[in-house]
Every structure is written in structure tokens, then in C-alpha cells.
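The values are calculated or read from the model by the stated rules, or taken from the named source; none is laboratory data. Keep in mind that what you see is a predicted model, and the values were worked out from it rather than measured. No Cβ is skipped: glycine too gets one built from the backbone with ideal geometry, and neighbour counts run over all protein chains shown. Note: areas computed on protein heavy atoms with side chains; ligands, DNA, RNA excluded. Shrake-Rupley method; radii C 1.70, N 1.55, O 1.52, S 1.80 Å.
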Amino acid sequence: MASTLIKDAFLATSKDRGRYDIFLQNGKILAIGLGVGAHHADEVIPAKGLTLLPGVLDTHVHFREPGGTHKESLESGSKAAAAGGVTTFFDMPNTSPSTTTLETMAAKKALAAQSSFVNYGFFMGATSDNLEVLNTVPQVAGIKIYVGSSTGSLLVSGPEALDQIFANGDRLIAVHSEDEAMIQENQSRLGDQASVYDHGLIRSPEAALKATQQLIRLAKKYQRRLHIVHVTTAEEVAYLRDHKIPGLITAEACPHHLFLNTPTVYDQFGTLAKVNPPIRDGKHAEALWQGLLDGTLDFVASDHAPHTLDEKNQSYLKAPSGMPGVQTLLPLLLNQVASNKCSLKQVVDWACTQPASAYGVKNKGAIQLGYDADLVLVDLKKTQSVTRAQSYSKSEWSCFEGCKLQGWPVMTFVNGVKVCEHGVICADEPVGRPVVFEDRTQPCHTPHPEEAKL
Ligand code: DOR
Ligand code: ZN
């Protein structure tokens, strides 16, 4: 396998601001220092003035394959990831069919092996009657529960079913936390005349808080590893700050909730900005930032949820929820560094180190000897606007279109292979591999007979 020397790069993870050479071989980081690997490299990448980060792990995307490939595919989504400096994604189970059985999980892994340009992991979707397989399916990111309905048909809202899942097994449970009964009640009160400006009233802060409180109670009762995806309210942040147990409960924030505010986002983008849970006003966004800065929220993920423009441009009640974001996640965070709102170390923590640690991912999330050579070289000085032309996602539109950002990926390496350069995919074949989860709760991987057939 070819070897690469990245020469004279600043390391985002080193305390000094010195320059380093990083030697990559056989998909691993083999040496870090000055003058290392100089005589062995097949390719030398001059990186003076550029900064090297661990590749981003975006642990919350919806790449729509199988069943929704007119919106996205594992190939298009993974190319968008690579172009945005994301070297690993975890895909959600609300595809069609949903990923709720051994067979559908095996089929997804087989599809990714053939078509993903970055590394991958998958969530197993919980239903009210697939408890056994939730705990026996090998090597998954975790169990995903929707306690509030969203795109697709996955929903576990009854208290007994939820209790059963928390009570049995010990692998990580990631939850979409909105109280379904409260959503339904608000929906019927507001009726058919509701507009997108009512989205945050229907999916209210109270509905989010109630579900989050219930989930935290369950996690504590059963000492079960819980991750709350896309937290949106100041009230949830305050509750988590007081009740979160380190090592047991983690929580994430998404860029659209951190960077966009109502009502202006609806004035500008209408139903394009309809997402679940909803974008809220500046007070909530401010609390999410505080939560990230003080460690109440552990990391960021994009919740990349593409739909076509035609689908999104329907009336409020018909338009599906979700927006793309995997390609803009890192540039938006780097721009915060340029604006002195956070440090580069915090960006690495939120986008690389913490997600790898929260999910027990082996050998990723840091620039370390022996770790996988998943890296992103960024230019912290480069200023560029978000455009449709850059997008590798099938949904080229973005609520960040036109935003001028400082700090962009220049090259993305996946398993030591240069996959993207200056926003253009340059790998001629998919090089992604399955992530290895080393959590003790993961059964070791013996291929299921259905998997072996694929
Ligand atoms: O806005 C959303 N879109 N929230 C979700 O929970 C699902 C996602 C999707 O898959 O479209
Ligand atoms: Zn999602």
C-alpha cells in the first residue's frame, strides 16, 4: 500500500505551534516528528502553513440508502463527508426498509463496503418488538430510538416498550428526544392552518424537556448508557447540567440549532428550515453554545438529513423535516475559531475526540501513533462562501448557502488515502471501511449467515 508523508504541518492537537512531519503507511499513522519517513514516502505533501486535524467523526447522518437514493446514497453522502473533512459517519436506521433486523443491517454494511468513500458505522433502529436483535447484532454504533416521530415510521413511544429496552442489554442507546403525545396534542390544537412559524410550538421546548427528563430517569434507573441526539432547548441544557452522569449520559448539538435562529430562518428559508426538533430562537442557541463550552453537551454532529428541493418546497404540513449538513459541519466550526468564539482544540474535542470516545471507536479521533490515518488538512486562513456548486450531496441546497466562512478543508485522508483535495474527490474508488467498536458491550463480529451471502 502506498505511503504518504505530510510535511511541515501544524498539528491541531499539539501544545506547541511547531511544525511536524507525519508519515502514513498501510492506512495507519506510522511516525510523527521532524524528518521522519523522508526516504520511504511514495508521495510527499507539502503542508507549510496548513493545520492537520484528526478526521471528523460525524456520528449522526441520514444517507437514505436503501430506499431513498433520489435524496442521497452512501456514495454521494460519503463524498460530501470527505469534501467536508469528515472521515467517518454513523448512519441512522430510518431508511426504507428501516434498519431493524440482522438482515437489513447486514445489507447496509454490504452496500457501504461497495460504495463508501469514508469509514462508516450504523445504528440499529428500535421497534416495540425487536428487543433481542438490538442486543445481539454485532458491531453497531448503538440502538436508535425515536420517542417522537420524525421522517420514516420508527417510533417507540409507549412507556412499557421504552422501559423494556432500557432494562435489557447494555449497549449504547441514542434517542431522538421529543414527547410524542405532547406533539400530537399541540398539532391538533393548532390544526391544519399551522404554518412553519408554528413548528416550534407544535414540537415545543416542553415536549423536548419532558422526553429528556424521562430518558435520564430511565438511564439512571437501569444504569444504561444513554446518548441524547440534537439537544435544542435551554431547559434541556440546564437539566443535563444538573443531572448528567459522566460516562453514563452524553448529549450532542447540531450546527443548524447552534448557528440558525427563528424567526429569521423561516423568513429566509421557509419550509427548507423545517427540522425535527425545530430550530429555536437565539436564547436557546446561546444556551447550546454555553453547554458545549462548559462540557454539558459533549460533541457536535450534523444530523445531515437531505430531501429534494421539490419535497421541501411543499406546504408546511407536507414538507418533510431535515436539512443537509455533513459537508458544512467542519467549516462552520472552523469559522467560530476564526471569530474567536472557541479554540481549535475545542473544535477537535467536539468533532473528533469526544464522538470517538462516546461511541467506543477504536483507533480514531486523535493524531496518534498506530491510529488510523484518517486526517484532514485545513487552511485556517482560507475564506470562501458556501455554494451549491461545492456540494457532493444530492440535495445541493443549504440553509448556509452564501455564508462566508474562514477555515476550510484542503485535503482529506481516509485510511491513508487522499480522498479529497480542494473540495474535489480524487480517490477513484471507495476506500471506506467499517469502524471497529471496542466497547465491551459489543459482541465480536462473527458474520451472520445472511451477511455471508451478500
Ligand atoms: O429533521 C429531521 N429529519 N429530524 C429527524 O429526526 C429525521 C430527519 C430525517 O431523516 O429526515
Ligand atoms: Zn437525525
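With the condition kept exactly as written, say whether any residue in the stretch 118-133 is of a type in the set (D, E, K, R), closer than 23 Å to Ala301 by Cα and open to solvent by 30 Å² or more (accessible area, probe 1.4 Å).
There is no residue in the stretch 118-133 that is of a type in the set (D, E, K, R), closer than 23 Å to Ala301 by Cα and open to solvent by 30 Å² or more (accessible area, probe 1.4 Å).
Does at least one position in the stretch 92-109 carry a residue that is within 16 Å of ligand 2 (Cβ to nearest atom), of a type in the set (A, V, I, L, M, F, W, C) and in the same structural domain as Pro324 (by TED's automatic domain parsing)?
Yes, that holds for at least one residue.
Only residues in the stretch 258-280 that are in contact (Cβ under 8 Å) with a residue 60 or more places away in the chain count as the first member; pair them with residues that are surrounded by fewer than 22 Cβ atoms within 10 Å (Cβ to Cβ) and of a type in the set (Asp, Glu), Cβ under 9 angstrom, at least 6 apart or cross-chain, and list the lot.
So the pair list comes out as Thr262/Asp281; Pro263/Asp281.
Among the listed residues Leu297, Leu292, Leu272, which satisfies the condition of being touching a helix residue (DSSP H, G or I) at 6+ places or on another chain (Cβ under 6 Å) and assigned to a helix (DSSP H, G or I)?
Leu272
Tell me which of these Lys283 doesn't satisfy, since it passes every other one: (1) buried (at least 21 other Cβ atoms within 10 Å of the Cβ); (2) not in a loop (DSSP other than H, G, I, E, B).
If we test Lys283 against (1) buried (at least 21 other Cβ atoms within 10 Å of the Cβ); (2) not in a loop (DSSP other than H, G, I, E, B), just (1) comes out false.
Inspect all residues belonging to the stretch 363-380 and state whether any of them is away from ligand 2 (no atom under 16 Å from the Cβ), surrounded by fewer than 24 Cβ atoms within 10 Å (Cβ to Cβ), without any contact (Cβ under 8 Å) to a residue 12 or more places away in the chain and not in a loop (DSSP other than H, G, I, E, B).
The answer is no, given that none of the residues of the stretch 363-380 is away from ligand 2 (no atom under 16 Å from the Cβ), surrounded by fewer than 24 Cβ atoms within 10 Å (Cβ to Cβ), without any contact (Cβ under 8 Å) to a residue 12 or more places away in the chain and not in a loop (DSSP other than H, G, I, E, B).
Restricting to the stretch 128-156, give me the number of residues that are on the phi > 0 side of the Ramachandran plot and within 16 Å of ligand 2 (Cβ to nearest atom).
Number of matching residues: 2.
Does Leu24 meet the test of being in contact with a Gly (Cβ under 6 Å, 6 or more places away or on another chain), aliphatic (A, V, I, L, M), outside the structural domain of Ala351 (by TED's automatic domain parsing) and assigned to a strand (DSSP E or B)?
So Leu24 fits the description; yes.
What tally of residues in the stretch 254-269 results from selecting those that are under 14 Å from Val231 (Cα atoms) and surrounded by fewer than 19 Cβ atoms within 10 Å (Cβ to Cβ)?
The qualifying residues number 0.
Identify the residue in the stretch 385-408 that is open to solvent by 10 Å² or more (accessible area, probe 1.4 Å) and not in a loop (DSSP other than H, G, I, E, B) and, among all such residues, is farthest from Pro324 (Cα to Cα).
Gln406
Select from the stretch 197-226 the residues that are assigned to a helix (DSSP H, G or I) and hydroxyl-bearing (Ser, Thr, Tyr) and write down the one among them that is most open to solvent (accessible area, probe 1.4 Å).
Here the residue is Tyr197.
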